[in-house]
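Report on the following structure.
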Amino acid sequence: MDVKALVAKMTLEEKAGLCSGQDFWHTKAVERLQIPAMMVSDGPHGLRKQDESGDHLGINDSIKAVCFPAGCATASSFDRELLYKIGETLGNECQAEGVGVILGPAVNIKRSPLCGRNFEYFSEDPYLASEIAASQIKGVQSRQVGTSIKHFLANNQEHRRMSSSSEVDERTLREIYLSAFEGAVTQAKPWTVMCSYNKINGTYAAENKTYLTEVLRDEWGFDGFVVSDWGAVNDRVPDLEAGLDLEMPTSFGLNDKKIVEAVKAGTLSEEVLDKAAERILNIVYRFEENRDTTAVFDREADHEFARKAASECMVLLKNEGVLPLAKEKKAAFLGAFAEKPRYQGGGSSHINSFKTESALEMAAEYPVVYAKGYDTKEDKIDEKLVAEAVNAAREAEVAVIFAGLPDAFESEGYDRQHMRLPECQNHLIQEICKVNENVVVVLHNGSPVEMPWADQVKGILEVYLGGQAVGGATVDVLYGKVNPSGHLAETFPVKLQDNPSYLSYVGEGNKVEYREGVFVGYRYYDTKEMDVLFPFGHGLSYTTFAYSNMKLDKTEMDDTDTLTVQVDVTNTGDCFGKEVVQLYVMPPKGNVIRPVKELKGFEKIGLEPKETKTVTFTLEKRAFAYYDTDLQAWNVESGSYQIALGQSSRTILAKQKVEIRSTTEKRPELNMDTTFGDIMEIPRAKEVMAEFAGALSIFGQMEGDTLGEGTGDMMEAMMRYMPLRGLIAFGGGKLTFEDTEKLLERLKKL
Ligand code: BGC
C-alpha cells in the first residue's frame, strides 16, 4: 500500500479520526477509502483478547488463552532463544485471532521491590531488560504481528501512576531508565511504543517531545507509531506535536475535533497530523498485508510449551543436598499454592487461562501427601490448618512448602506496602522446620520477599509467577527432570530498608525523586558491599561449572576499538545443565562516580557432563561508558577496566584487566573557579603555568611554618584544588586581577 498517497486522499477529519481508537481495542476504519480497523490486545505474557461478541468498554471477558510465565520469570531465564520462541508463539496466536499488535513487552526498571507491577517487568538492570525484550519483540514480529514496548518512560511505581512526576536526573535517565528501552528499540525495531501515564521531570510522557521524538525517533531511529497508555493523553494537540500518534482508547470524538480545530486555526501544522496518520497506517497495512490465514491457536501445544518455558525460568536459590527429590521419597506438599498455584498477576495482563495445572495434580506419579497449611484469602494463622500440615510433615521424608504472595498483595494499580509474605505462611514454614529437617520452600511471587526462615530450610526454589503450566514445571524441576538454570534478574535484599530507593519511594504527593540516581539494585548493593539475601544473577544448578582460559584479545585499546573476551566453561558435575555466563565491566576509580560493576554481557549455554564450550563476548565503547551530561554523549574515562566473568554479581570466577585510552579530550570549563588540578590536565597547560611560578612562591613560604611534616604531598594536594582566583588572594600581591584574566585567556587558547 502506498500509504503516503492514501493519506493525501484523506480529509482533515478522517486523518484526525485515525489518531484515536474506534473503541477500547481497535483503531478506526475509514470505509470511504477501505482502510481497515486493526485490533490490539494485551500482553505481555499471553493473549488477552477481548471477546468481540461482548461490549466495547473493555470490561468483558477475554477469550480463553494460554498464560505464559510473567516477565519476572522470563527475564530470569537469561535466555534470548526462549524469549524469541515465546514471542513467536504469541505472534502466532495473534495471527490466528486477527490481533495486529500485542501490548508488550513491559521493560520498566525494578527500582523498588514494592512496585505493584514488578511481576510484569523484567529486571533492575537495563542491559538485561533490553536484551530480553528485544528477543521477545523479534519473536512476535517474526510472525508479522506488532509489539508495543511499554511503558515509556520512568514509570516505576503504581502509586499515583497517572499524575505523579518522576524526577530523574539526565545521566540516570540515560544509563538506567532509557537504556532499558534503547537496546530493544534499536535492535528489534518494535512496531509501536506505548507511552506511560506519568510525568517525567514535570512533563507528561505523552507530551514529552524530548523523549517521544528527539530520543526515540531522531536518536534511536524508531519508525513505528507511539500509542498512549490507555487514557494517558493529557492535552491532545501538544501531545500530537510531541510525537504521540495514536490515542487509546477512544476519545469519543472530542480530541479528534480539537485536532481539526487546531489545524484550521493554524496552531497545528497539518504536516504533523499527516505524519501521525502515515505512521499509524504503515503499521495497519504491515499487519493487513502479511496476514497468515493458516495460523492456528493450538492451545494444548502452547500449554506444553508454557510448561517447558516455566521450567527454564525457575531459580534455585538454595540447595543443601535436598534437591532433586528422589522419586520414591515420601514427600508432603504443603500450602494452598500446591493445589491452586498463583501463576499470574492482576490487571491488564490477566489471562483467561483455558486450563491450569497444579503441582499436586502433576505429581500424581510420586508418593505425595497434601495439606493446605494456610488460606490464601486470610493473612491470619489458622491453627487447624497448621496442625494438619505439621502432622503431614512429620510423617514425610521431605516437606515441600508452596508459599508466595496472594493476589491482593501485588497487582497493577497499586504498590505493595511491605516485602513480607503473609504472616500465616512465615508461621507455617517455621512450624514445619521444627518437625522436619528437609524443608524446601517453593515461592510464587512477582517480586522479592523477605525470608526470615532462609537459614532454617534446606532448599528454596523461586518459581515467580510461572504461568498456567507452572505446576508441571515445578514438579519437573523438583524431581530433576529439568535441571534448573534460571538466575535472578533482581537482587533479593535482606530487608526492604536496604533497597536504595527506600527513602524516596513513592515520593511526596505528585512528585517522586529518584534520589539514588544510577545506583539501582546491585549497582548500589555491590558498591556498598552490603549483605544481600540473594544477589543479582544468582541461581544454582544440579550440576557444577568451572571457568578456565579466560582471554582478552588485547590488554590495551582505544575506546573506539572492540574487545573480544573468551572463556572456556566446563560442566564438572554428572548431569546435563545450563550455565549463564555473566560479564560485568568494572570501571577504574576516576572522576565520575560510578557503580563498581555493571552487566554488559551474558550467554546461556547447555553442557553435557565433562563437556567444555568456549563462550565469546564482544564489547564496544558503550560497554565501558557512562553518560556524560556535559558532552551530551556516552564517554569513557581513560584507565584500567576489569572484565569480570561469573555466575552472579557476587560470584566472579575469572577477571582480567584492559587499559583503555579515551579518544575524547574532555576539557574543564575554564573560568576563575577552575582548579589548578583541572588545568594541569590540559595538554601544554604546564608551560603556561610555569610562567606564573613566581606568583605561586608564597605557597612555598607556608611550607614548614604551617603544614608540618610531609609538606610536599600536602602542598600538592592543596594546590590541586586551588581555583585560579586563588592566585590573587594567595599570590602575595604578585598578580593582579588583570594578569589572572590574561592567564585565563591564554589557557582558553590552548
Ligand atoms: C496498562 C497497559 C495496558 C493497557 C490496556 C493500561 O492500564 O497500563 O499496560 O496495555 O491498560 O489494557
For segment 527-536, check the following and say yes or no: at least one residue is under 25 Å from the mean Cα position of the chain (by Cα), touching a residue at least 24 places away in the same chain (Cβ under 8 Å), under 30 Å from ASP678 (Cα atoms) and not in a strand (DSSP E or B).
yes
Does ALA489 count as small (Gly, Ala, Ser), in a strand (DSSP E or B) and modelled with pLDDT of 95 or more?
no
Here is a list: ARG720, ARG684, ARG725. Which entry is basic (Lys, Arg), surrounded by 14 or more Cβ atoms within 10 Å (Cβ to Cβ) and at pLDDT 80 or above?
ARG725
So if I check each of GLY139, GLY146, which one is of a type outside the set (A, V, I, L, M, F, W, C), touching a Phe, Trp or Tyr at 6+ places or on another chain (Cβ under 6 Å), within 16 Å of the ligand (Cβ to nearest atom) and modelled with pLDDT of 95 or more?
GLY146
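Specify the residue that is farthest from VAL263 (Cα to Cα); the eligible residues are those in segment 228-240 that are within 16 Å of the ligand (Cβ to nearest atom) and buried (at least 22 other Cβ atoms within 10 Å of the Cβ).
ASP229
For segment 360-374, enumerate the residues that are loosely packed, with under 15 Cβ neighbours inside 10 Å and either among the acidic types (Asp, Glu) or touching a residue at least 40 places away in the same chain (Cβ under 8 Å) (or both).
In the first step, residues of segment 360-374 are kept if they are loosely packed, with under 15 Cβ neighbours inside 10 Å; the result is 361, 364-365, 367.
The answer is GLU361, GLU365.
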Which of (1) under 28 Å from ALA70 (Cα atoms); (2) out of contact with any strand residue (DSSP E or B) (no Cβ under 9 Å at 6 or more places or on another chain) is the odd one out, the single condition LYS384 does not satisfy?
(1)
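Hey, could you check segment 307-357 for residues that are among the small types (Gly, Ala, Ser) and under 21 Å from GLN430 (Cα atoms) and say which is surrounded by the most Cβ atoms within 10 Å (Cβ to Cβ)?
Step one: filter segment 307-357 for residues among the small types (Gly, Ala, Ser), giving 309-311, 321, 326, 331-332, 335-336, 338, 345-349, 353.
Pick out the ones that are also under 21 Å from GLN430 (Cα atoms) and you get 321, 331-332, 335-336, 338.
On the way: GLY321: 7, ALA331: 26, ALA332: 27, GLY335: 31, ALA336: 24, ALA338: 27.
Per the criteria, the residue is GLY335.
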Is it true that some residue in segment 266-285 is more than 30 Å from MET10 (Cβ to Cβ) and of a type in the set (S, T, N, Q)?
no
Checking the structure you have, find out if any residue of segment 116-127 is under 23 Å from ALA206 (Cβ atoms), at pLDDT 95 or above and in a helix (DSSP H, G or I).
yes
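Here's the yes/no breakdown for (1) away from the ligand (no atom under 16 Å from the Cβ); (2) crowded, with 23+ Cβ neighbours inside 10 Å; (3) closer than 19 Å to TYR127 by Cα:
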| position | (1), (2), (3) |
| --- | --- |
| TYR197 | no, no, no |
| ALA205 | no, yes, no |
| VAL215 | yes, no, yes |
| PHE222 | yes, yes, yes |
| VAL226 | no, yes, no |
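The values are calculated or read from the model by the stated rules, or taken from the named source; none is laboratory data. Quick caveat, the model's predicted, so the values are computed rather than measured. Note: ideal-geometry Cβ built from the backbone for every residue, glycine included; neighbour counts use all protein chains shown.
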